[in-house]
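Comments concern the structure below.
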Amino acid sequence: MREIFDSTVERLFADLVTPDAVRAADTGHWPAELWAALEESGFGLAAVPEALGGAGASWADLCGVVRLCGRYALPLPLPETLLANWLLGVCGQPAQAGPLSFAARGSLKLAAGKVSGVAVDVPWGRNVPALVAIAAGEVPTLVLLPVEGASACTLRSNTAGEARDEFVYESAVPLLAVPLPAGVPADVLLLGGAMLRSAQIAGALQGMLEMTITYANERVQFGKAIGSFQAIQHQIAVLSEHTAASVMGAEAAFAESVETLARLPVTAAKVCASEAAGIGASVAHGVHGAIGFTHEHALHLGTRRLWSWRSEFGTLTYWSGELGRALCQGGAAAFWPSLVAGQLETQAGARA
């Protein structure tokens with residue numbers, strides 16, 4: 001299944017996700033033709049169980065798809081739609097057609113069947129009809145909130161120009177509300193967002209590595225290609241190392257996330273990817289020199305996303321702290337077993 005997914009998406013993106021299309025989206029243009037093609041292919045429902053109308057694909061099947069979203073700087077919420085519909089399926093709810101997003105941060109509360117509070121940094125919020133969130137209450141509850149039901153909306157964008165909006169809800173009636181099943185943590189959307197961004201960063205790094213190698217072999221200085229100079233080769237080797245580490249981290253996180261999201265692999269993947277994002281962007285711009293900073297060149301379409309995505313759904317510092325605290329909480333005797341089992345001790349002392 002994965003080979004079919006990857007090849008289909010790559011052909012689609014190669015035809016439609018051009019640098020000009022990404023630049024147009026950065027200015028606020030919604031690429032309707034591209035979304036229609038994605039929706040027709042059914043990829044937004046890929047992670048939904050077959051019984052609920054999806055393809056029943058695993059996260060391992062979809063890692064390549066999310067990586068390609070990063071590699072091509074896809075200006076659409078396909079990764080967010082995948083995660084939102086997956087969580088709806090986990091909760092036994094039918095998938096939603098069309099683009100979806102989710103709020104991993106905020107202060108939403110559910111009381112008497114109504115939701116109040118703030119949803120912060122919602123990816124593509126202005127472009128979707130509804131968003132998924134976890135509302136606090138007697139128990140953590142999955143809610144599906146209509147964007148038009150917000151009493152206030154503040155439009156914001158990240159460094160890459162992607163929408164990251166804020167919504168205020170006052171006694172809004174959700175489209176659905178269902179308690180999270182046992183075993184699904186209340187921070188599932190934060191964890192899922194970190195997993196998505198780790199794969200997108202890995203894909204962006206892969207695209208940037210290819211672009212950097214091509215440029216180094218074509219750019220001639222002092223009578224020969226700059227890629228033949230040892231200093232440039234060293235920089236490209238550093239970029240290659242961090243790209244490979246990010247790819248493998250993302251692959252492990254997706255592969256280990258079966259019944260639920262695997263906290264330790266996801267945490268490690270986001271730490272690895274966030275670190276690689278800064279180093280990789282620096283190396284790519286260093287090799288390209290001045291031309292890489294121009295608007296006409298495509299390099300910034302990747303690097304601006306790396307600078308944005310490395311901080312979304314938990315920074316390098318945040319996830320490093322979570323990893324360190326969890327491992328220290330388990331004690332020295334639990335350190336190696338935790339690594340082998342791919343599980344962390346949570347603050348409550350349970351395995352996750």
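Only a single item in (1) open to solvent by 10 Å² or more (accessible area, probe 1.4 Å); (2) in a strand (DSSP E or B) is not met by Gln206, and it is number (2). Checking Ala237, Ala252, Ala231, Ala290 one by one, the residue that is surrounded by 15 or more Cβ atoms within 10 Å (Cβ to Cβ) and either more than 14 Å from Ser198 (Cβ to Cβ) or of a type in the set (Gly, Ala, Ser) (or both) is Ala252 and no other. Only a single criterion out of (1) surrounded by fewer than 22 Cβ atoms within 10 Å (Cβ to Cβ); (2) modelled with pLDDT of 95 or more; (3) β-branched (Val, Ile, Thr) is not satisfied by Thr27, namely (2).
Report yes if Ala244 is surrounded by 14 or more Cβ atoms within 10 Å (Cβ to Cβ), without any contact (Cβ under 8 Å) to a residue 12 or more places away in the chain and in a helix (DSSP H, G or I), otherwise no. Answer is yes for this residue. Across region 275-315, which residue is farthest from Gln221 (Cα to Cα) among those that are among the aromatic types (Phe, Trp, Tyr) and under 15 Å from the mean Cα position of the chain (by Cα)? Among those residues, the one meeting the criterion is Phe313.
Being modelled with pLDDT under 95 and of a type in the set (A, V, I, L, M) narrows it down to one of Ala163, Ala150, Ala182, so name that one. Can you show your working first?
Values: Ala163 fails: modelled with pLDDT under 95; Ala150 fails: modelled with pLDDT under 95.
Exactly one residue qualifies, and that residue is Ala182.
This table checks each residue for (1) of a type in the set (D, E, K, R); (2) over 19 Å from Leu190 (Cβ atoms).
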{"residue": "Val238", "(1), (2)": "no, yes"}
{"residue": "Glu241", "(1), (2)": "yes, yes"}
{"residue": "Ala250", "(1), (2)": "no, no"}
{"residue": "Ala255", "(1), (2)": "no, yes"}
{"residue": "Leu261", "(1), (2)": "no, no"}
{"residue": "Thr267", "(1), (2)": "no, no"}
{"residue": "Ala273", "(1), (2)": "no, no"}
{"residue": "Ala276", "(1), (2)": "no, yes"}
{"residue": "Ala284", "(1), (2)": "no, yes"}
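Of the residues making up region 151-193, those that are over 20 Å from Phe313 (Cα atoms), among the β-branched types (Val, Ile, Thr) and open to solvent by 60 Å² or more (accessible area, probe 1.4 Å) number 1. Scanning region 38-88 for residues that are in contact (Cβ under 8 Å) with a residue 40 or more places away in the chain and among the acidic types (Asp, Glu) turns up Glu39, Asp61, Glu80. The residues listed here are Arg305, Arg263; of these, the one that is of a type in the set (D, E, K, R) and modelled with pLDDT under 95 is Arg263.
Can you list the strands (runs of 3 or more DSSP E) lying wholly within region 67-137 that have 2 or more residues being buried (at least 21 other Cβ atoms within 10 Å of the Cβ)?
Those strands (runs of 3 or more DSSP E) span 101-103, 114-123, 130-135.
Within this structure, Gly203 passes the test of being over 16 Å from Ser311 (Cβ atoms), under 15 Å from the mean Cα position of the chain (by Cα) and either of a type in the set (D, E, K, R) or modelled with pLDDT of 95 or more (or both). Selection of helices (runs of 4 or more DSSP H) fully inside region 258-352 by the criterion of at least 2 residues being in contact (Cβ under 8 Å) with a residue 12 or more places away in the chain and touching a helix residue (DSSP H, G or I) at 6+ places or on another chain (Cβ under 6 Å) returns 263-288, 299-309, 316-330. What is the number of the single condition among (1) touching a residue at least 24 places away in the same chain (Cβ under 8 Å); (2) surrounded by fewer than 24 Cβ atoms within 10 Å (Cβ to Cβ) that Glu148 does not meet? Among (1) touching a residue at least 24 places away in the same chain (Cβ under 8 Å); (2) surrounded by fewer than 24 Cβ atoms within 10 Å (Cβ to Cβ), Glu148 violates only (1).
The values are calculated or read from the model by the stated rules, or taken from the named source; none is laboratory data. Remember, it's a predicted structure, so these values are computed and weren't measured experimentally. Every residue, glycine as well, gets a Cβ built from its backbone with ideal geometry; the counts of neighbours run over all protein chains shown. Surface areas here come from the heavy atoms of the whole protein model, side chains and all, with no ligands, DNA or RNA. Shrake-Rupley method; radii C 1.70, N 1.55, O 1.52, S 1.80 Å.
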